Amino acid sequence: MNPDFSGPDGWVDLASAVFMVVGALMSLAAAIGLLRFPDLMSRMHAATKPQVLGLFLLLAAIGLQLWTWWVWPVLLVAWIFQLLTVPVSAHMVGRAGYRTKHLHRELLSADELEAVVQKAAAEAARKDSSDDGGTR
Amino acid sequence: MDAVLAVTAVIFSLAAAGAIIRIARGPSLLDRVLAADVLLAILGGALCIDMAVNRHLNNLMLVVAISIIGFIGSVTVARFVADRRVDPNES
């Protein structure tokens, strides 16, 4: 990169370089979090960094480097679909992790799912007992 | 831009190595799925860096497709794990 800050090109290059390095550091932060954090829930917390903010920074770097207006809607579509789909997979993985007891319960500060699980289990048990009573 | 490319290549290599270590070592299946998701995000980021540095758009549709359908794998595996519960009535 040429350090020519007389025109706007040098500043655009500098901004996109900063975006790219920071976006890459998000991936590194996610990898370090995956390696260092103790259980599935905290690893999920680390894993969302490159998926949302990292992708946003890198797409902004593409938009700045290409400098044509018609690229921005495509980049926006990519980022919006990422925003829509990442919570779906995070929800499913977190739910399955809760169900299969892949969590350190002493590390949780709030457990709002436990009451729902207890209620569903109680309803299922009541239905089972009434079914048994009906067949006998 | 060459310096940026070198720096980001090193960072992405370290990040991918960390994700692969977690895939190999992860104690549960869900940890591996999560690490595979992160590895996919790292791959998409590397494609974005390549496009931005070399100023082309060859990979843009691939990045959009990854962002649209990239979640299907982890959702499928999560359902698979959830369906192997001991008590299926546990909803």
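The values are calculated or read from the model by the stated rules, or taken from the named source; none is laboratory data. Worth saying up front: this structure is predicted, and the values here are computed from it rather than measured. Here Cβ is always computed from backbone atoms with ideal geometry, including for glycine, and neighbour counts include all displayed protein chains. These accessible areas exclude ligands, DNA and RNA; they are computed on the full protein's heavy atoms, side chains included. Shrake-Rupley method; radii C 1.70, N 1.55, O 1.52, S 1.80 Å.
For chain A, averaging the sequence separation of C-alpha pairs within contact (under 8 Å, six or more residues apart) and dividing by the residue count gives a relative contact order of 23 percent. The charge dipole of the protein assembly as shown, taken about its Cα centre with unit charges on the Cβ of Lys, Arg, Asp and Glu (plus for the first two, minus for the last two), comes to roughly 520 debye.
Once both labels are positioned 7 Å from their Cα atoms along Cα-to-Cβ, the gap between A:Ala124 and A:Glu112 label points is 2.3 nm.
Quick check: at a probe of 1.4 Å, how many percent of the accessible area of segment B:2-90 sits on carbon and sulfur atoms? On segment B:2-90, the fraction of accessible area on carbon and sulfur atoms equals 68 percent.
P(r) tail for the protein assembly as shown: Cα pairs beyond 30 Å make up 36% of the total.
With all protein chains kept in place, the per residue accessible area of the protein assembly as shown amounts to 54 square angstrom at a probe of 1.4 angstrom. With a 1.4 Å probe rolled over the protein heavy atoms of all chains, the accessible area of A:His102, A:His45, B:His56 falls in the order A:His45, A:His102, B:His56, largest first. Electrostatic bookkeeping for A:Leu34 treats Lys and Arg as +1 and Asp and Glu as -1; over the other residues with beta carbon under 11 Å from its beta carbon, the sum is +4.
Using a simple spin-label model with pseudo-atoms 7 Å out from Cα toward Cβ, B:Arg79 and A:Asp131 lie 2.2 nm apart. The residues neighbouring A:Leu66, those whose beta-carbon lies less than 15 Å from its own, together hold a net charge of -2 under the Lys/Arg +1, Asp/Glu -1 convention. The B-A contact accounts for roughly 4300 square angstrom of buried accessible surface, both chains included, probe 1.4 angstrom. Helix A:71-99 versus the longest principal axis of chain A: what angle, 0 to 90°, nearest 10, using Cα atoms? Its long axis makes an angle of about 30 degrees.
Between the listed residues B:Ala24, B:Val64, A:Ser130, the Cα displaced farthest toward the positive end of the dipole of the protein assembly as shown, a dipole computed from Cβ unit charges relative to the Cα centre, is found at A:Ser130. The magnitude of the dipole of segment B:2-90, with charges of +1 and -1 set on the Cβ of Lys/Arg and Asp/Glu and taken from the Cα centre, is near 100 debye.
Kirkwood's formula applied to the C-alpha pairs of chain A gives a hydrodynamic radius of 18.8 angstrom. Rolling a 1.4 angstrom probe over segment A:1-130 with all protein chains present gives an accessible area of which 69% lies on carbon and sulfur atoms.
Spin-label pair A:Arg105-A:Leu84: with each label point 7 Å from Cα along the Cα-Cβ axis, the two points sit 3.9 nm from one another. When the surface is traced with a 1.4 Å probe over the full set of protein chains, B:Val64 keeps roughly 20 Å² accessible.
Sorting B:Asp37, A:Asp9 on solvent-accessible area from highest to lowest, probe radius 1.4 Å, gives A:Asp9, B:Asp37.
Angle of helix B:72-82 to the longest C-alpha principal axis of chain B, folded into 0 to 90 degrees and rounded to 10: 20°.
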